[in-house]
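The values are calculated or read from the model by the stated rules, or taken from the named source; none is laboratory data. Here the structure is a predicted model, which means the values were calculated and not measured. Counting neighbours? That spans all protein chains shown, and the Cβs are built from the backbone with ideal geometry, glycine included. What goes into the accessible areas is simple: the full protein's heavy atoms, side chains included, and nothing from ligands, DNA or RNA. Shrake-Rupley method; radii C 1.70, N 1.55, O 1.52, S 1.80 Å.
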Amino acid sequence: MTISRAAGAKHWPDDRAVRVGVIGVGSMGGNHLRVYETLKRVQLVGLYDPNDERAAALAKQYNCQAFPSLEKVMAEIDAASICAPSTLHGEIGETLLSAGIHCLIEKPLAATEGECLRLINAAARSQAKLLVGHIERFNPSVRQLSSMLAARGERIRAIDTRRLSSVSKRIVDVDVVADLMVHDLDIIRSLAGPLVTVSAASGVREHGGSGRDHVTALLDLGDGAMASATASRITQNTVRRIAITTDAGLIDVDYVDQSVQIYTQDVVRPAGPATSFGDYALDIRMERVQVRRTEPLQVELRHFIDVIRNDTEPLVTGEDGLAALRLVWGVHEHLNRAQIAQAAAE
């Protein structure tokens, strides 16, 4: 039986492995190779990267093939992780998706809105799956947070995120907003809904160039709620946290140690007649939520394979990836306005 690579679960035999390849094997691509090698019902076919020496070394390490071109690897795979520089996501992704190859494209989805739309449309035409690699969505602590908020029905009043890192040479083609803050903009939107808009932003440029290295953005969540997001790659300490203030308390999440803590304060009203002293506030109570720690990339890649085999909707769609980028571009717009205003004032 001939099986279309994008045919869906109803045509996918249980005993047939999904043949995968990795396009771009820098730091993140190397991690994709490592995890794919451990997954069941997955055949790691090979990789493609213009750095022949690195490609050969990783192919030997993970017992797969280093292909000499994109076309060669495409002929052998059902699905791919695209871990190339973000400026190449649009071109590579559209080529693979148009050929019916399921794609996990690392964030950001693409460099421009036009490229994002072409990726989304290519996936729709070929019925290939498109998952955007916003890896924090697969962090067990974030999954727990999302489930808790949905189950408790609490109203979000404010969100504060901090994503701080030291100087890194890993990403050179985008600023800190597109590199780091995009994770939190996506999380904020997934928790607060689609009405999130950017209301202000301020940034610091440390190493020259046009991009900022430390940025804080304010966002309007609608219905009187707001969010603050700070991202930095010039801070000599690694911080990955999100705090959600609801009408019932505070939920604090640490992405790094995958912890979730809930802070609440009970108020006791006197049983007798009202007095001038009013209600009695008790001490703040803290609850630590048990989270089963798992590497987010393992969760993400297992999800990608399950989406292919079961013909289901990805957790982070192409539309989600584009929505997160629109918030990134909104932050950029406010940063540019502030720069113009400062230049005029000088």
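Which count do you get for residues in segment 123-156 that are out of contact with any Cys (no Cβ under 9 Å at 6 or more places or on another chain), open to solvent by less than 20 Å² (accessible area, probe 1.4 Å) and small (Gly, Ala, Ser)?
Total meeting the criteria: 1.
Give the residues of segment 298-346 that are within 30 Å of residue 39 (Cα to Cα), open to solvent by 20 Å² or more (accessible area, probe 1.4 Å), in contact (Cβ under 8 Å) with a residue 60 or more places away in the chain and assigned to a helix (DSSP H, G or I), sorted by residue number.
Across segment 298-346, the qualifying residues are 298, 299, 302, 303, 310, 319, 320.
What are the residues in segment 282-296 that are surrounded by fewer than 18 Cβ atoms within 10 Å (Cβ to Cβ), in contact (Cβ under 8 Å) with a residue 24 or more places away in the chain and either over 30 Å from residue 249 (Cβ atoms) or among the β-branched types (Val, Ile, Thr) (or both), if any?
289, 294
Among the residues of segment 14-55, which ones are open to solvent by less than 30 Å² (accessible area, probe 1.4 Å) and of a type in the set (Asp, Glu)?
49
Just checking, how many residues over segment 226-241 are assigned to a strand (DSSP E or B) and either open to solvent by 20 Å² or more (accessible area, probe 1.4 Å) or more than 24 Å from residue 259 (Cβ to Cβ) (or both)?
6
Looking only at segment 147-167, filter to residues that are small (Gly, Ala, Ser) and not in a loop (DSSP other than H, G, I, E, B); which one of those is nearest to residue 260 (Cα to Cα)?
Out of the qualifying residues, it is 147.
So which residues in segment 69-87 are touching a Gly at 6+ places or on another chain (Cβ under 8 Å) and without any contact (Cβ under 8 Å) to a residue 24 or more places away in the chain?
Those that are touching a Gly at 6+ places or on another chain (Cβ under 8 Å) and without any contact (Cβ under 8 Å) to a residue 24 or more places away in the chain: none in segment 69-87.
Could you list, ordered by first residue, the pairs with Cβ atoms under 9 Å in which the first is in segment 227-255 and within 17 Å of residue 189 (Cβ to Cβ) and the second is part of a loop (DSSP other than H, G, I, E, B) and among the β-branched types (Val, Ile, Thr), at least 6 apart or interchain?
Final answer for the pair search is 227/196.
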